[in-house]
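The values are calculated or read from the model by the stated rules, or taken from the named source; none is laboratory data. Here the structure is a predicted model, which means the values were calculated and not measured. Don't worry about glycine lacking a Cβ; one is built from the backbone with ideal geometry, like all the others, and counts go over all protein chains shown. Protein only, heavy atoms only, side chains kept; ligands, DNA and RNA dropped before computing areas. Shrake-Rupley method; radii C 1.70, N 1.55, O 1.52, S 1.80 Å.
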Amino acid sequence: SADAVRAANNRGGDLAAVAIAARAGRLDSITAALFHPLDFMLAQPLDDASDLDSPSEWFAEDKYDGIRAQLHVHVGKVRLFTRGLEDTTSAFPDVVLAFAGVPGPLILDGEILAFRDGRALPFHLFQQRIARKRVGRKLIEDMPATFLAYDVLMHRGALLLDHPLEQRRSLLESLGLPAISVQTPLRNPSDIETLFAAARARGNEGLVLKRAGSLYESGRRGANWRKVKKPFATLDVVVTAAEQGHGRRAGVLS
């Protein structure tokens, strides 16, 4: 099926090998390839807290205004990939250094952030780290980057996408990483508003809610992750100019 082919290509990243395996009926033999980015799991918006079914079956984490990233590491080699599956390793040598000693093979899902006075900097201040082809020492000192992990997708070479959330979380907490997200169990819908207000007070966008027992649905915006955001304000705007995209986005105006 198309879904089986897509899943196999997501794991291995070699379409020719996937085609041969599909013809032979051996798609299950395609294993995850380290340093090839897996598709990210995304969250559906939750507009009204009362719409969340069985709140006690959910966990809440802050939603950060950073750079969603996937970190791959093995025997001192570290690679970072954005949500667009692009390699952004060269922009964050400080993250590479922080993880160079972490044993692998390991793949983490998380967020690249810069903290100042205990608060994560907003993306519009931090994005200059991406724009630079070479990141100088002064920029690193002024805006040091941190990889905040909130899920583990591979550990010691074993893919964990089909392991339940609690098992992946327990493993994540045992790894002794530089930084991981704080996860809080919900009890009732009112907890969402309380935790949302606290996240906003910390300068973060809102919340991500994750269903207990859920698997990591790579490449899907599934109902097992929900994001809670509220606009700071609204604007009426008109597009007055556009720029032609480049490379993979050559057919798109931005």
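Accessible surface of Val5, taken over heavy atoms with a 1.4 Å probe and every protein chain present, rounds to 50 Å².
Seen through its C-alpha gyration tensor, with square-root eigenvalues sorted a ≥ b ≥ c, the stretch 1-128 comes out oblate because a/c lies at 1.5 or above while a/b is not bigger than b/c.
Per-residue packing, averaged as other Cβ atoms within 10 Å, sorts the ranges 196-206, 19-29 into the order 196-206, 19-29, beginning with the highest. Subtracting the Cα-Cα distance of Gln44 and Val75 from 0.36 nm times their residue separation leaves 7.6 nm of extension gain.
Shown here are the Rg and Dmax of the Cα trace of the stretch 1-72, at 17.6, 49 Å.
Computed with every protein chain present, the accessible area of Trp225 is close to 10 Å² [probe 1.4 Å].
A simple spin-label model places pseudo-atoms 7 Å from Cα toward Cβ; at Asp162 and Leu97 they are separated by 4.2 nm. Assign one of three labels to the stretch 151-254, namely rounded, prolate or oblate, based on the Cα gyration tensor with a ≥ b ≥ c the square roots of its eigenvalues; rounded applies when a/c is under 1.5, prolate when it is not and a/b is larger than b/c, and oblate otherwise. Oblate, since a/c reaches 1.5 and b/c is not below a/b. In percent, rounded to a whole number, the relative contact order of the chain is 24, using alpha-carbon pairs under 8 Å and six or more apart.
Within the listed set Leu125, Leu209, Leu161, the Gaussian network model of the chain (springs between alpha-carbon atoms below 10 Å) gives the highest mean-square fluctuation for Leu125.
Between Ala198 and Leu175, what is the FRET efficiency for a Förster distance of 30 Å, r being their Cβ-Cβ separation, to the nearest 0.05? About 0.70, to the nearest 0.05. Taking 0.36 nm per residue of separation and subtracting the current Cα-Cα distance, fully stretching the chain between Arg221 and Glu141 would add 25.2 nm. Note on Val237: accessible area is roughly 110 Å² with a 1.4 Å probe, heavy atoms of protein only.
Taking 27 Å as the straight-line reach from the Cα of Lys63, the lysines in range (excluding those fewer than 8 positions away in the same chain) are Lys210, Lys227, Lys229, Lys230. I need the shape label for the chain. Rule: rounded when a/c is under 1.5, else prolate if a/b > b/c, else oblate, with a, b, c from the alpha carbon gyration tensor. Note, shape of the chain comes out rounded. Using Cβ point charges alone (K and R +1, D and E -1), the dipole size of the chain about the Cα centre works out to roughly 800 debye. With the highest mean first, a sort of the peptides 60-66, 186-192 on other beta-carbon atoms found within 10 angstrom per residue produces 60-66, 186-192. Peptides 171-182, 45-56 ordered by packing proxy, namely the average of other Cβ atoms within 10 Å per residue, highest first: 171-182, 45-56.
Per residue, the chain reaches -7000 deg cm²/dmol at 222 nm when only DSSP H runs of four or more residues are counted, each adding -39500 (n - 2.57). Is any residue of the stretch 143-176 close enough, with backbone N under 16 Å, to a label point placed 7 angstrom from the Cα of Leu125 along the Cα-Cβ axis, and if so, which? Under cut-off, by backbone N: 143-146. Annotation: lysines with alpha-carbon distance below 21 angstrom to Lys77 (same-chain offsets under eight excluded): Lys133.
Among Lys227, Lys210, Lys77, whose mean-square fluctuation peaks in a Gaussian network model of the chain (Cα, cutoff 10 Å)? The residue that fluctuates most here is Lys77.
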